[in-house]
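Each remark here refers to the structure printed beneath this line.
The values are calculated or read from the model by the stated rules, or taken from the named source; none is laboratory data. On a predicted model such as this, the values are computed, not experimentally measured, just so you know. Using ideal geometry, Cβ is built from the backbone for each residue, glycine included, and neighbour counts are taken over all protein chains shown. Only protein heavy atoms, including side chains, enter the accessible area calculation; ligands, DNA and RNA are left aside. Shrake-Rupley method; radii C 1.70, N 1.55, O 1.52, S 1.80 Å.
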2 protein chains.
Amino acid sequence: MPPLAATRNSILPPRGRKYDQVLEGARQVFMADGFEGASVDEIARVAEVSKATLYKYFADKRMLFMEVANNECQRQAGAALDNIVLAAPPREVLGQTGRHFLGFITSRFGQQIFRICVAESDRFPELGRSFYESGPAVMRAELACYFAQACARGELVIDDYILAADQFGELCKADLWMRLIFGVIKEVSAAEIDRVIDNAVETFLARYGT
Amino acid sequence: MPPLAATRNSILPPRGRKYDQVLEGARQVFMADGFEGASVDEIARVAEVSKATLYKYFADKRMLFMEVANNECQRQAGAALDNIVLAAPPREVLGQTGRHFLGFITSRFGQQIFRICVAESDRFPELGRSFYESGPAVMRAELACYFAQACARGELVIDDYILAADQFGELCKADLWMRLIFGVIKEVSAAEIDRVIDNAVETFLARYGT
DNA sequence: TTGGAAGTGAACCGATCCGTTTATATGCTG
DNA sequence: CAGCATATAAACGGATCGGTTCACTTCCAA
């Protein structure tokens, strides 16, 4: 599509502020092409905004990227583990949590944000940390919190909640994630997810269950 | 070091062929800067070779990179798990293997090659697969092989060797690796490694031990 | 209506980089 | 010494990209 930019935003009245347009366009392009791969011109085009306007709101490409990344991290942290039922028995909680977790990290979106964070964490040292704090660290804390309560109820026996949470998280990946990241497989079937999660729960409870 | 290229290779007689110089220079630069970050001029400079010579041996930058990556993968696969003693008891074998594995993936080199494979597996679809096959897949197979023998001796009870191997590999990371990749921590202490590995073995044997 | 802020499109600058070319130098072989 | 393949330095072409500038338009509020 060479020119074609004649779509105009005639339908929508004033529409959201230009700032948001830029952010949304940047989100799309960065997610699709990474940091280096994304060109500011393309972002401006997708955002249906002139490059001059873009640079009125964001000092440079790095700042724009950081803003997008932080937004994504926060959004993701929000929808993380709302549905954890602290009173339910371990087997059920672990299964649900694991499935949710695995579902996210194997999603197209989860993969892409991980890719970018890994690739760009040299250029943006804060990016990796920020992502970790608002992503994996949150799940770890929530899970540890649940473990504490389950232990109090005598349903689990754990000395190091944090390490146990880490172990469960890792068990849920069980190579599925590795093969996805490296493109050995393109997607995972529901059956594979079930098998991995069930076995993760089984192994976890073998150690920590009562 | 601006010019400084006056070192000349006077000391070494004919030295390895120019081809190898290029490959070695490319290895250094790619490992340090990634694919996009590495400039061909810098590679030629580090390799102490003219750019024209470089392009006589390699069609383009991508080809050169693939060659470097494949070499690294093979080299790494070789030094993988030579020291696995198939007759030793599980607790010992798992501990040693886990320590070796964790040592590699937390090393500067292991981190860097992982970074590059992740970042560039869009551009080079074969790269990720190649790395996986000659890296994680090898350890998985070796471990599964050991499990089979240990089961035959009644030391372990495992129905799915592959999945068990994956689980152990994941348990060995236990968030340590994640924090490294994202730059949350810069290096891991020996004590942390011991703690993670010991707990990985413990959890694994709780499920599969006899 | 008017004036100023906000937005636009396009051109432009400087820098980087890949890959090629050219003119020269070096070293090996007969 | 002659001849040829190989290597070198340096420059260049073509392309991309980040970021700026500028002349022009649109919109809104006083």
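Observations on the structure shown:
- Taking the longest Cα principal axis of chain B as reference, the axis of helix B:18-37 is set at about 70 degrees.
- Each label point was placed 7 Å from the Cα along the Cα-to-Cβ direction; for residue B:153 and residue B:109 their separation is 3.0 nm.
- Choice from B:51, B:173, B:186 with maximal GNM fluctuation in chain B (Cα, 10 Å cutoff): B:186
- Interface size, chains A and B: roughly 3700 Å² of accessible area buried, both sides included, 1.4 Å probe, rounded to the nearest 100.
- Taking 1.002 mPa s as the viscosity and 20 °C as the temperature, the Stokes-Einstein diffusion coefficient of chain A based on its alpha-carbon Kirkwood radius rounds to 111 µm²/s.
- Other copies of residue B:186: label-to-label distances in nm, shortest first, labels 7 Å along the beta-carbon direction: 4.4
- Partner aspartates and glutamates for residue A:51 [C-alpha distance under 15 Å; skip if fewer than 8 residues away on the same chain]: A:20, A:24, A:41, A:42, A:60
- For residue B:156, distant residues with modelled amide H under 5 Å away: B:151
- Distances in nm from residue A:202 to the matching label points in the other copies, shortest first (labels 7 Å along Cα to Cβ): 2.3
- Evaluated at q = 0.26 Å⁻¹: base-10 log I(q)/I(0), Debye formula over Cα of the stretch A:146-210: -1.06
- Using the Cβ-Cβ distance between residue B:19 and residue A:40 with R0 = 35 Å, the FRET efficiency computed as 1/(1 + (r/R0)^6) comes to roughly 0.35.
- Relative contact order %, the stretch B:45-162, counting alpha carbon pairs below 8 Å whose residues are six or more apart: 30
- Values of log10 I(q)/I(0) for the protein assembly as shown across q = 0.10 Å⁻¹ run -0.80, by the Debye formula with one identical scatterer at each alpha carbon and no solvent.
- Net charge dipole size for the protein assembly as shown [Lys, Arg +1 and Asp, Glu -1 on Cβ; Debye, nearest 20]: 1300
- Relative contact order computed over chain A (Cα-Cα under 8 Å; 6+ residues apart), in percent: 20
- Checking the cross-link pairs A:18/A:61; A:173/B:173; A:61/B:61; B:61/B:186 against a 20 Å limit on the alpha carbon distance flags A:61/B:61; B:61/B:186 as lying beyond it.
- Convex hull volume of the stretch B:19-124 per residue (C-alpha atoms, cubic angstrom): 105
- Residues of the stretch B:129-175 buried by at least 30 Å² of accessible area upon assembly of all protein chains, compared with the chain on its own (1.4 Å probe): B:129, B:132, B:163, B:166, B:167, B:170, B:171, B:173, B:174, B:175.
- Placing +1 on each Lys and Arg Cβ and -1 on each Asp and Glu Cβ, with no other charges, gives the stretch A:69-208 a dipole about its Cα centre of roughly 280 debye.
- Under the Karplus curve 6.51 cos²θ - 1.76 cosθ + 1.60, θ = phi - 60°, whole-Hz ³J(HN,Hα) for the stretch A:174-184, x wherever Gly or Pro sits: 6, 6, 3, 5, 4, 5, 5, 4, 8, x, 5
- Surface composition of chain A: carbon and sulfur make up 55 percent of the accessible area, probe 1.4 Å.
- Per-pair calculated FRET efficiency, R0 = 35 Å: residue B:70 and residue A:202 via Cβ, rounded to 0.05: 0.35
- Take the Cα of residue B:96, go 7 Å toward its beta carbon, and none of the backbone nitrogen atoms of the stretch B:161-177 fall under 15 Å from that spot.
- Placing dummy labels 7 Å off each Cα toward the beta-carbon, the span from residue B:85 to residue A:123 is 4.9 nm.
- Rolling a 1.4 Å probe over the heavy atoms of the protein chains gives the protein assembly as shown an accessible area of 48 Å² per residue.
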